[in-house]
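Worksheet: one structure, shown below.
The values are calculated or read from the model by the stated rules, or taken from the named source; none is laboratory data. Computed from a prediction, not measured in an experiment: that's the story for all the values here. A quick note on method: Cβ atoms are made from the backbone with ideal geometry, for glycine too, and the neighbour counts reach across all protein chains shown.
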Amino acid sequence: MKLSNLRFADDIALIASTEEELQQMVSELDEASRRSGLRMNKEKTKILATEEALIILNGEEIEQVVAFIYLGQEVRLRRDHYKEITRRIQSGWNVFRRYKDFLTSRSVLMRWKRRLFEQCVLPAMLYGSETWSLTKSARKRLATAQRRMERRMVGVRLIDRKSNEWLRGVTKVKDIDEAARRRKWNFAWKMANGSPEKWSSRLEEWRPPVKRPLFKNKTGKLQN
């Protein structure tokens, strides 16, 4: 069984093994769309491939990119969690600024600020975190961004010399590092207890059919 496409509403990702196969899939999708009175948006249609590929849509070449956004998450051949986490932090700030007047108001009780923060800001920052590689550096970046937001919620600055413990004692918001880990644990539990026939389980267990060539590590030993 082969996964050939991902579909959510009108957001479609086609997956092919060869350039010829992808060209055929694009042409068939375009034809099926036209029969339904729809059309493919060339400006939003992109190609991500391991090598150069020439795919034509309505007589025009489709742009090839090194990454694209699908359902709010960046997809690239060489996964770069640094860039994805940067995007999520920015998304969190976008939500925070949207509700800035409420979150930074001195007349709003902290419990209401906390509720809004945990229901709107944190989810924006942690979207897709189940698939992240949470390194020490990544956790630090997330925690730093959260503390900056908390200081604005309380109305203090760095020069006020308030400790992180004091700050958390005032806001009592969920710790973003702990929230991210809990999401990963919940995801792992669902995978372990889900049906092995589901695509999510199949993809989690999938391994490339080829082995990487041997190379020498820092100790001089050969490894894959």
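For the reader, a short list of remarks on this structure follows.
- Qualifying positions in the range 155-173 - in a loop (DSSP other than H, G, I, E, B), surrounded by 15 or more Cβ atoms within 10 Å (Cβ to Cβ) and in contact with a helix residue (DSSP H, G or I) (Cβ under 7 Å, 6 or more places away or on another chain): V173
- Within the range 37-76, restricting attention to residues that are hydroxyl-bearing (S, T, Y) and surrounded by 12 or more Cβ atoms within 10 Å (Cβ to Cβ), the residue that is nearest to the chain's Cα centre (by Cα) is Y70.
- The number of residues in the range 80-105 that are of a type in the set (D, E, K, R), modelled with pLDDT of 95 or more and in a loop (DSSP other than H, G, I, E, B) comes to 0.
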